[in-house]
């Protein structure tokens, strides 16, 4: 049952990530990839703050947030930008995603 819930959540999160990236990622800056990582991290922090466990966490945390966020696209976007801009993009993504997670947790705990 748990694996099915993870798959169901990912079936919603992954296409959402694709659409946001398709609409908002541009050659100069990957806004969509940045946005999904921040939103997914914020939601995961909120789910942790609510004390979500079991099936709820499998569906929403592991499935939806796992499908929504993306390390692979983040890595590609970072590499595409070269050393200086890529480093800035990576730092911005990591810092804002961690801040989002902390904010989500703080607002719900």
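Bear in mind these aren't lab numbers, they're just calculated from the coordinates by the rules spelled out. Treat the numbers as computed from the prediction; the structure is a model and nothing was measured. Counting neighbours? That spans all protein chains shown, and the Cβs are built from the backbone with ideal geometry, glycine included.
Each of 52, 1 has some number of other Cβ atoms within 10 Å of its Cβ, and from fewest to most they run 1, 52.
Kindly express, to the nearest 10 degrees and within the range 0 to 90, the angle between helix 31-49's C-alpha long axis and the longest C-alpha principal axis of the chain. The helix 31-49 is inclined about 30 degrees to the chain.
For the chain, set up a Gaussian network in which alpha carbons nearer than 10 Å are linked by springs, and say which option among 35, 23, 68 fluctuates the most. In this elastic network of the chain, the residue with the biggest mean-square fluctuation among 35, 23, 68 is 23. Taking Cα atoms only, the orientation of helix 82-108 departs from the longest principal axis of the chain by about 30 degrees. For the chain, modelled as a GNM whose springs connect Cα atoms under 10 angstrom apart, the maximal fluctuation among 75, 46, 14 occurs at 75. Remark on segment 16-72: Rg and Dmax equal 12.4, 41 Å (Cα only).
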